[in-house]
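One structure is given below, encoded as structure tokens.
The values are calculated or read from the model by the stated rules, or taken from the named source; none is laboratory data. It should be emphasised that the depicted structure is a prediction, and the values quoted were computed from it without experimental measurement. Heads up, the Cβs are rebuilt from the backbone with ideal geometry, glycines too, and the neighbour counts pull from every protein chain shown. Each accessible area value is taken on the protein alone, full model and side chains, heavy atoms only, with ligands, DNA and RNA left out. Shrake-Rupley method; radii C 1.70, N 1.55, O 1.52, S 1.80 Å.
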Amino acid sequence: SSGINAEYGATLPALFFMTFFQFFHFWQWLLAPDPTPFIHLDALEHWVFGCLPHQVVSRYTHPILDIMAAIPYLMHFLLPFGYPVYCYYHRAKLGNTIEPALRGLWLGGSIASLAVIFQFLCPTSPPWFNESAVYAADGTVISYAFNEAGFQRIDALIKLPLFREIYSNAPVTHGSFPSLHAAFPAIIYLNGSWVAHGGWKFGLFHCFLISWAALYSHHHYLIDIIGGVGLSYLMFVLYKHVWNPFTKKNVTVVKYAKLNEEV
């Protein structure tokens, strides 16, 4: 019973994120935060790095590189729920408990929830917006590019508006910082990585690949990626050393998992 309750409890952060994200415009209407995005991340990067890393990375483009960037971006949408299922299926390699699966689901949902709340309260414009926005004399935005950014080359290659459809329907435009594209692979790496498919080496490669793709496609600044990875690391440390709902007080989860193994 307690184990089953823990399984349901692990889904709560993810359910909160999906509800808040999908009804983002409703919450904006209801709570009326300041919608003005912070548009100076590029200036901050110039100050920190002396350049714009995403422009350095994308200086040379090629259809093969476009495809390499598109694949992890498409797979990204499966990670929040797909990875916990992966952990459950390969639980024999993770100590014969379901705790890694619950941990991955809980942390993934919690990180996504914190990120979208930050983006709600402090919207930040991504590179593609800052590089394409046209402003009127009074500072209002007249026009800006489509938010599939560099992936428009993929749409042109396959002659289908795949990324146009995905990103034109996204409720959050100014959600550059922190990068959830970087945060999810980071928490997977910390959680035990892809234990049956290359382990920590593939997990580390996954982190670098999607971080490169985020820069290459002009969807994120390097600061966004550092913020996403930092958020994942902070949440993982808090989970392991401060509090978590599954192993500190609710040891029944482990017993429940072992019982399932015996059955």
In the full protein assembly as shown, how much of Ile67 is accessible to a 1.4 Å probe, in Å² to the nearest 10? 80
Once you compute Rg and the Kirkwood Rh from C-alpha atoms, what is the Rg to Rh ratio for the chain? 1.00
Work from the charge dipole of the range 23-137 (Cβ charges, +1 for Lys and Arg, -1 for Asp and Glu, about the Cα centre) and give the residue of Val116, Ala43, Pro53 farthest towards its positive end. Val116
Per DSSP H run of at least 4 residues, take -39500 (n - 2.57); add these up for the chain, divide by its residues and hand me the 222 nm value, nearest 500 deg cm²/dmol. -19500 deg cm²/dmol
Accessible-area composition of the chain, carbon plus sulfur, in percent [1.4 Å probe]: 68
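Tell me the net charge near Leu41. Cut-off is 14 Å between Cβ atoms, Leu41 excluded, with +1 for each Lys or Arg and -1 for each Asp or Glu.
Numbers: positive: none; negative: Asp42, Glu45, Glu131, Asp224.
Overall, the nearby charge balance is -4.
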Please determine, in degrees from 0 to 90 and to the nearest 10, the orientation of helix 180-191 with respect to the longest principal axis defined by the Cα atoms of the chain, where the helix direction is its Cα long axis. 20
What ranking of Leu204, Leu234 comes out by heavy-atom accessible area, probe 1.4 Å, highest first? Leu234, Leu204
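As a test of reading the structure, rank Phe49, Phe184 by solvent-accessible area (1.4 Å probe, protein chains only), most first. Don't skip to the end; give the middle numbers.
On the way: Phe49 80, Phe184 15 Å².
Solvent-accessible surface, decreasing: Phe49, Phe184.
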For the pair Leu44 and Val85, the simple spin-label estimate (label points 7 Å beyond Cα toward Cβ) gives in nm 3.6
Rounded to the nearest 10 degrees, the helix 222-241 long axis (Cα) sits at an angle to the longest Cα principal axis of the chain of 20
Short version: ³J(HN,Hα) in whole Hz for each residue of the range 52-58, in order, from phi by Karplus 6.51 cos²θ - 1.76 cosθ + 1.60 (θ = phi - 60°), x for Gly and Pro, what are they? 10, x, 5, 6, 5, 5, 9
In terms of the alpha carbon gyration tensor, root eigenvalues a ≥ b ≥ c, rounded if a/c is under 1.5 and otherwise prolate when a/b exceeds b/c or oblate, the range 117-177 is oblate
Based on Cβ point charges of +1 for Lys and Arg and -1 for Asp and Glu, what charge dipole magnitude is obtained for the chain about its Cα centre, in debye rounded to the nearest 20? 920
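Could you report the chain's accessible area per residue, 1.4 Å probe, as an integer in Å²? Numbers along the way, then the final one.
Numbers: 13860 Å² over 263 residues.
Counting only protein heavy atoms, the per-residue value for the chain is 53 Å².
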So between Phe208 and Leu160, what do we pick up on full extension, going 0.36 nm a residue minus the alpha carbon distance? 14.5 nm
Accessible surface of Tyr233 in the full protein assembly, 1.4 angstrom probe, to the nearest 10 Å²? 140
To the nearest 10 degrees, how steeply does helix 12-22 sit against the main Cα axis of the chain, on a 0 to 90 scale? 20
Starting from the Cα gyration tensor of the range 9-159, take the square roots of the eigenvalues, sort them a ≥ b ≥ c, and report rounded, prolate or oblate (rounded when a/c is under 1.5, otherwise prolate if a/b is larger than b/c, else oblate). oblate
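Which order do Thr61, Thr11 take when ranked by solvent-accessible area (1.4 Å probe, heavy atoms of all protein chains), largest first?
Values: Thr61 60, Thr11 40 Å².
Solvent-accessible surface, decreasing: Thr61, Thr11.
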Can you give the Rg to Rh ratio of the range 109-236, both from alpha-carbon atoms, with Rh computed by the Kirkwood formula? 1.02
